[in-house]
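*Asks:* Below is the structure I would like to discuss, written out as structure tokens.
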Amino acid sequence: MGKVWTILQSEYWRRVRSKTFVLTTLLAPFILILIFLGPAALGHFAAQTSTYEVAVVDESGEFSAALAEVGGAQFQFAPFEGSVDSARQAVQEERYDGYLLLPDNLLEGDGRATYYTREGSRLSERAQLEQHITNVVEERRLALEDTPAEVLSIIESDIGFATRMLTEEGDEADSAVLGFAVASILAFLMYFAVFFYGQYVMQGVIEEKTSRVVEIVVSSVRPFELLMGKVLGIGAMGLTQMLIWGVIILGGLTGAGSIVALFVDPATLDLPDGATQEAMLDAAGITIPTIPTSLIVAFVLFFLTGYLLYASLFAAAASAVDQQQDAQNLVFPVMMLLIIPLILTFFIIEAPDTTLSVIASFVPFFSPILMPVRMAVAEVPLWEVGLAFVLLVGTFLVTMWLSARIYRVGILMYGKTPSLREIARWAVYQ
């Protein structure tokens with residue numbers, strides 16, 4: 001174990017001190033934020049700066065006045081008295097951004113409103129136009145039926161709805177949308193982490209083999225010690241990186257209210273200027289999910305063990321080849337073992353307690369992803385979590401032993417890429 005510890009320290013400090021580690025650790029959270037929030041922020045600014053002037057050709061004469069009042073800052077509806085051809089010509093001459101044709105049978109429900117524009121409408125623009133027209137038509141239809149004001153108030157009122165999940169302790173936790181979001185993020189994070197750091201192991205093995213450094217190293221340590229130290233060192237680096245990301249994300253969630261305040265005016269949410277972050281988030285309908293400590297602990301344990309399992313397979317495949325390109329064919333079966341649970345993730349989120357979900361979360365090659373996902377959306381008995389973890393650890397020990405036997409032969413073999421049958425013979429070679 002002394003030699004394993006020495007190799008672990010060497011791998012860990014050599015990679016943690018590299019510029020690549022520092023840059024990826026600091027930039028990755030901001031890149032993810034840009035990917036997820038960038039389009040929404042740009043769309044928000046575009047909506048604030050774009051104003052469309054729309055000519056309304058109202059053949060029924062029932063809606064143009066009402067539309068002129070509900071347009072708001074983004075749409076300015078102007079009643080157009082001319083013909084459809086005249087409106088088309090006005091748009092072509094750029095006097096309007098588009099024209100809205102409301103047929104005379106729209107009020108009866110037989111016609112369909114149509115919006116014409118020179119450049120085509122965006123999805124957000126189409127949705128807002130449809131909402132404006134729907135509201136105006138509904139109000140007009142209700143008015144013609146002499147609907148009492150009390151009934152109109154009931155129709156226009158919002159109905160609050162939320163889903164809650166009861167735990168064994170009697171507490172309530174947010175479910176549904178938040179559970180889906182947390183489970184999806186955990187699944188993709190686990191897949192990315194295992195794949196990314198497994199590739200690190202594979203690349204390191206190939207580099208050492210190509211440079212012939214490994215031939216010198218194995219003269220002082222056993223191949224199993226070298227493989228174990230390398231896998232554990234890179235795993236420690238990955239855990240360090242994920243802990244740093246967790247601290248950065250936690251800091252971002254702490255200031256979520258301030259971030260919302262940059263895009264939303266408190267007055268629009270009926271809040272005073274000095275409203276607290278909690279009030280801003282609550283008024284905006286944004287809920288920061290509370291992740292149980294048990295789920296965090298399970299995620300870390302399943303990540304470490306799952307990484308060790310797959311990293312040993314990546315290392316065994318890398319030891320059998322001389323170039324990165326040749327390793328891809330051998331790694332393909334391993335990648336399929338990672339992709340299958342990712343495909344099952346959405347089924348398990350919808351039905352976490354079915355027989356398929358339970359059995360799949362016990363399979364050692366699937367449990368690093370699927371068991372945390374089940375725990376995020378349902379109350380999983382402790383014995384199921386424990387059994388899945390024991391099976392995962394047992395499979396890792398067997399896989400590491402087999403991978404080390406392949407590794408001891410493969411790191412000294414050069415030339416032709418071996419077949420899977422030849423690699424299987426290496427595992428039992430005495």
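The values are calculated or read from the model by the stated rules, or taken from the named source; none is laboratory data. Being a predicted model, the structure only gives us computed values, none of them experimental. All Cβ positions, even for glycine, are placed from backbone atoms using ideal geometry, and neighbour counts span all protein chains on display. Remember, those area values only see protein heavy atoms, side chains included, never the ligands or the DNA or RNA. Shrake-Rupley method; radii C 1.70, N 1.55, O 1.52, S 1.80 Å.
*Asks:* For the stretch 285-374, list log₁₀ I(q)/I(0) at each q in 0.13, 0.14, 0.23 Å⁻¹, using the Debye formula over Cα point scatterers of equal strength and ignoring solvent, two decimals each.
*Replies:* Evaluating at q = 0.13, 0.14, 0.23 Å⁻¹ gives log10 I(q)/I(0) of -0.54, -0.61, -1.11.
*Asks:* Now a separate question. Applying a 10 Å radius around every beta-carbon, put 58-70, 136-148 in order of their mean neighbour count, most first.
*Replies:* In descending order of packing, they fall as 58-70, 136-148.
*Asks:* Something else now. Separation between the ARG112 and LYS416 pseudo-spin-labels, each 7 Å from Cα along Cα→Cβ, expressed in nm?
*Replies:* Here the answer is 6.5 nm between the modelled labels.
*Asks:* Also, quick follow-up: Taking H placed 1.01 Å from N in the peptide plane, check which residues at least 5 places from TYR52 or on another chain put their amide H under 5 Å from its amide H.
*Replies:* Those qualifying (amide H under 5 Å, at least 5 residues apart or on another chain) are PHE75, GLN76.
*Asks:* Rounded to the nearest percent, how much of the accessible area of the stretch 284-430 (1.4 Å probe, protein heavy atoms only) is carbon and sulfur?
*Replies:* Carbon with sulfur: 71 percent of the solvent-accessible area.
*Asks:* Relative contact order for the stretch 349-430: what percent, with Cα pairs under 8 Å and sequence separation of 6 or more?
*Replies:* 24
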